[in-house]
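One structure is given below, encoded as structure tokens.
The values are calculated or read from the model by the stated rules, or taken from the named source; none is laboratory data. A quick note: this is a predicted structure, and the numbers were derived from the prediction, not measured. Backbone-built Cβ (ideal geometry, glycine too); neighbour counts: all protein chains shown. Only protein heavy atoms, including side chains, enter the accessible area calculation; ligands, DNA and RNA are left aside. Shrake-Rupley method; radii C 1.70, N 1.55, O 1.52, S 1.80 Å.
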Amino acid sequence: MIKIGLLCHRRISSTKHCFSNIFHQDLLRCGRGMVTLIVATTIDPASIGPASALLAMPGWHPGPPIQDVPSFVNRDVRLLKHDSSIVREDHLDTRWEETTGETVDEIIFLSKHTAASKRPALTVHPIGVPHLTEGDQLPVGGKPAWAAPPNPRIGPWFRLLKTIADSQNLTPEFEVTLEATHHGPVTNAPTMFVEIGSTEEYWKRQDAAQAIALLVWEGLGLGGGDAVGDWSRNCFQQKILLGIGGGHYVPRHMDIVRKDGVWVGHLIAGYSLPMEDPGPSKAQANLEVGGTWKQAIRVAFDTTRAAFPLGEVVAHLDNKSFKGWQRNAIVGFLAEQNIKVGKPSDFC
């Protein structure tokens, strides 16, 4: 379930309504048992390492198991440790809700990151395979035409992770980066992955595990401070960046998200925008371009909008990553769908 706040008036008259919204959200979270689910797998050192470091911090105690998967509880946070592939253990939010009666407000997965470059990295990203269709292979989980609502914490936690990595002297050895939307598992609640990359040497690094544990600890306010990236406390109609185009590490979108106060939803890389080359007719106006790129954009937009109630989702295009006919087709489709397109300055 995604939190839906009270409708707030615009800035000119909204202060008291926003405080009312905050209070209402806190009551909802407590009264209806809304919890954050942290998920780790014992078969991945980059997952169980941060989970173990997090569980070594104060306040944890055993919670109820779900289908033999042990859990641990700390305030309104629940940590699960299973023994399966992190991208294929579907519907953990629904399974937790059915077992405990608690509503899962968000999910944060701890995982390894792999890359051909083998460069050490700390990454954050949303999940989904919105470009795939029935009959397509699903090598890394998910389901066709699906994306989880992106966890609103992605942007703020990306910036917090950079601060922590700098303070722990992990940079510049480790690159702190966003990744494009990709892989499973299937979830309904707003979801994010936090990963350590990119080889076994780095997956086992205790200092990297400690940095991820500290990110979760501070980011969720478990140490007593304010949680970071709580959208329900941002009542005003702020813009949310929907990234379209670019490579897997979305550099042009990431340049914007580095700036304080920027919220980010799905980040759809070029490989998730399959477009059929129309050949000689590509110079025609109002060209119809085949492929599942429209589906991917629509799914990414709809789930981003669901994750940010009262927010304004605005597309940001990596224009240099597209050929002219591709860019024209995408801009035309966005206009048809009444999806605004923004410049970098529109998000800051």
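With an a/c value of 1.5 or above and a/b not larger than b/c for the gyration tensor axes a ≥ b ≥ c computed over the alpha-carbon atoms, region 189-240 is described as oblate.
Full extension of the chain segment joining Ser117 with Arg298 gains 62.0 nm, where the gain is 0.36 nm per residue of separation less the Cα-Cα distance. With the simple spin-label model, which puts each label point 7 Å out from Cα in the Cβ direction, the Asp136 to Asp207 separation comes to 4.0 nm.
Counting only DSSP beta bridges with both residues in region 54-179, the antiparallel share comes to about 70 percent.
For Asp277, the accessible area of its heavy atoms, probed at 1.4 Å with every protein chain present, is near 90 square angstrom.
Over all other residues within a Cβ to Cβ distance under 10 Å of Trp96, the charged ones net out to -2, with Lys and Arg as +1 and Asp and Glu as -1.
Helix 293-307 axis versus longest C-alpha principal axis of the chain: approximately 40°, rounded to the nearest ten. Relative to the longest principal axis of the Cα atoms of the chain, the long axis of helix 154-167 lies at roughly 60 degrees. Measuring between alpha carbons in the structure, the pairs from Lys112/Lys259; Lys239/Lys320; Lys204/Lys343; Lys239/Lys294 lying more than 30 angstrom apart are Lys204/Lys343.
Counting only DSSP H runs of at least 4 residues, each contributing -39500 (n - 2.57), and dividing by the residue count of the chain, the helix-based mean residue ellipticity at 222 nm comes to -9000 deg cm²/dmol. Applying the criteria of a DSSP loop state and at most 14 other Cβ atoms within 10 Å to the trypsin sites (Lys or Arg not before Pro) of region 295-333 yields Lys323.
Compared with the direct C-alpha span, the chain from Thr100 to Cys348 gains 85.2 nm at full extension, assuming 0.36 nm per residue.
For the charge dipole of region 202-251, defined by +1 on Lys and Arg C-beta atoms and -1 on Asp and Glu C-beta atoms about the Cα centroid, which residue among Ala227, Tyr249, Trp217 has the Cα displaced farthest towards the positive pole? Comparing the listed Cα positions along the dipole, Tyr249 ranks first.
The peptide list 39-48, 90-99, put in order of mean Cβ contacts within 10 Å with the highest first, becomes 39-48, 90-99. Evaluated with a Cβ-only charge set (Lys, Arg +1; Asp, Glu -1), the chain carries a dipole of roughly 1040 debye about its Cα centre, given to the nearest 20.
Along region 240-257 the Karplus relation, 6.51 cos²θ - 1.76 cosθ + 1.60 evaluated at θ = phi - 60°, assigns HN-Hα couplings of 10, 6, 10, x, 10, x, x, x, 5, 9, 5, x, 6, 5, 5, 4, 6, 5 Hz to successive residues, with x for each Gly and Pro.
Summing +1 for each Lys or Arg and -1 for each Asp or Glu among the other residues whose beta-carbon sits under 13 angstrom from that of Pro172 gives -1. The share of accessible area on region 163-204 that comes from carbon and sulfur is 42 percent, using a 1.4 angstrom probe. Using a probe of 1.4 Å on the protein chains alone, the accessible area found for Thr100 is around 50 Å².
Starting from region 281-348, pick out the chymotrypsin sites (Phe, Trp or Tyr not before Pro) whose DSSP state is loop and whose Cβ has at most 16 other Cβ atoms within 10 Å. Answer by residue number: there is no such site.
In this structure the chain gives 43 Å² per residue of accessible area when probed at 1.4 Å with all protein chains present. Taking Lys and Arg as +1 and Asp and Glu as -1, the other residues whose beta-carbon sits under 14 Å from that of Gly142 total -2. For Asn151, the amide hydrogen comes within under 5 Å of the amide hydrogens of Thr191, Met192, counting only partners 5 or more places away or on other chains and with H modelled in the peptide plane. For region 54-93 versus region 154-200, the spacing of their alpha-carbon centroids is 20 Å.
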